[in-house]
Amino acid sequence: MSKDEKEKTQIIDKDLDLSNAGRGVWLVKVPKYIAQKWEKAPTNMDVGKLRINKTPGQKAQVSLSLTPAVLALDPEEKIPTEHVLDVSQVTKQTLGVFSHMAPSDGKENSTSSASQPDNEKLYMEGRIVQKLECRPIADNCYMKLKLESIRKASEPQRRVQPIDKIVQNFKPVKDHAHNIEYRERKKAEGKKARDDKNAVMDMLFHAFEKHQYYNIKDLVKITNQPISYLKEILKDVCDYNMKNPHKNMWELKKEYRHYKTEEKKEEEHKSGSSDSE
C-alpha cells in the first residue's frame with residue numbers, strides 16, 4: 001500500500017461489546033446436505049432438535065434430529081434425519097464467535113453513518129468450549145445418498161454422442177498449408193553442405209565483429225552449416241559460457257578478440273586527455 005493510499009484510508013477505533021464473553025459456545029461441523037437444507041429454510045423455522053443424554057461417569061451422548069419442515073423443503077431429495085454428534089474439548093486453543101451489526105442501507109443512514117461511526121456494532125457472542133462433528137447414522141437412506149454421490153462423481157465430464165447429420169465445421173484435409181510451405185522451403189534451401197573451414201571461420205569472425213555473444217541457433221542461421229560441423233569449429237575459436245549472465249552463449253577466445261575492453265578505453269581516453277593538456 002502506498003503512502004497516499006494509507007492517508008486516504010480512515011482507521012476508526014470501535015468498542016467491542018464483551019457482555020457475552022463468558023458464555024460457552026459449541027462449534028458444530030455438519031454435512032454439506034444439512035447445510036444446504038438450512039440455507040433454504042426461513043428464519044422462523046425450526047430446523048432440528050438437539051438431545052443430550054447424560055449418564056453419571058460417562059461422556060454425554062449428543063444427537064441431532066432434523067424436523068419434518070426442513071425435509072419438506074425438497075421432498076424429492078431423501079437425506080438422513082438422525083445424526084450423532086462426536087464431542088471434543090477445546091483445550092490448547094482460544095476461539096471466539098463475533099458478530100457485526102452494520103447500519104441499514106439508505107441515503108439518510110449512509111450520510112449519518114459517515115458522521116457517526118458508532119452505528120456499526122461489534123459483539124463477542126461467546127467463547128468456543130467444545131467442537132462437535134455431526135455424523136449420520138449408517139442406515140439405508142445414508143447408503144443410498146453416498147451411492148448417488150459416488151455415481152455422480154464418477155460420471156465423465158465429456159460424452160460421445162451420435163449425430164444424425166454430417167457436420168461441415170471441420171472439413172478434413174489431406175495436408176495443411178503450413179506443412180506444405182515448410183517442405184517447400186526446406187527443398188529450396190537444400191541440404192546443408194560443409195563449406196571450407198577457413199570460410200566458415202571468416203563468417204564467424206565477421207559475425208562476432210557485430211556482437212560479442214551468440215547462441216548456437218543464430219550461428220547456424222548465419223553460417224548455414226550443419227550444427228555438428230559448426231560445433232567442431234566453434235570449439236577451436238570460441239569459448240562456451242556455462243555461467244550467467246551469458247549462459248549457453250558462445251564468445252571468441254581471447255587470442256581472437258580484437259575489441260577493446262572498457263578499462264583500456266578509459267586508459268586511452270585519459271592518456272589522450274593528458275596529451276591534449
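The values are calculated or read from the model by the stated rules, or taken from the named source; none is laboratory data. These figures come from a predicted structure and were not determined experimentally. Cβ atoms come from the backbone with ideal geometry, glycine included; neighbour counts cover every protein chain shown. Just the protein is used for accessible areas: all its heavy atoms, side chains included, with ligands, DNA and RNA removed. Shrake-Rupley method; radii C 1.70, N 1.55, O 1.52, S 1.80 Å.
Below are the figures for this structure:
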{"item": "Cross-chain or 6+ apart pairs with Cβ under 8 Å, the stretch 135-162 first and more than 30 Å from Val87 (Cβ to Cβ), then open to solvent by 100 Å² or more (accessible area, probe 1.4 Å) and in a loop (DSSP other than H, G, I, E, B)", "result": "none"}
{"item": "Those strands (runs of 3 or more DSSP E) lying entirely in the stretch 1-69 with at least 1 residues at pLDDT 85 or above, open to solvent by less than 100 Å² (accessible area, probe 1.4 Å) and over 19 Å from Ala138 (Cα atoms)", "result": "24-29, 48-53"}
{"item": "Where a residue in the stretch 85-96 is in the same structural domain as Val30 (by the TED database) and its partner, wherever it lies, is surrounded by fewer than 12 Cβ atoms within 10 Å (Cβ to Cβ), with Cβ under 9 Å and at least six apart", "result": "Val87/Lys59; Val87/Ala60"}
{"item": "Segments classed as helices (runs of 4 or more DSSP H), wholly inside the stretch 172-224, with at least 2 members that are closer than 18 Å to Lys235 by Cβ, in the same structural domain as Asn241 (by the TED database) and within 44 Å of the chain's Cα centre (by Cα)", "result": "216-223"}
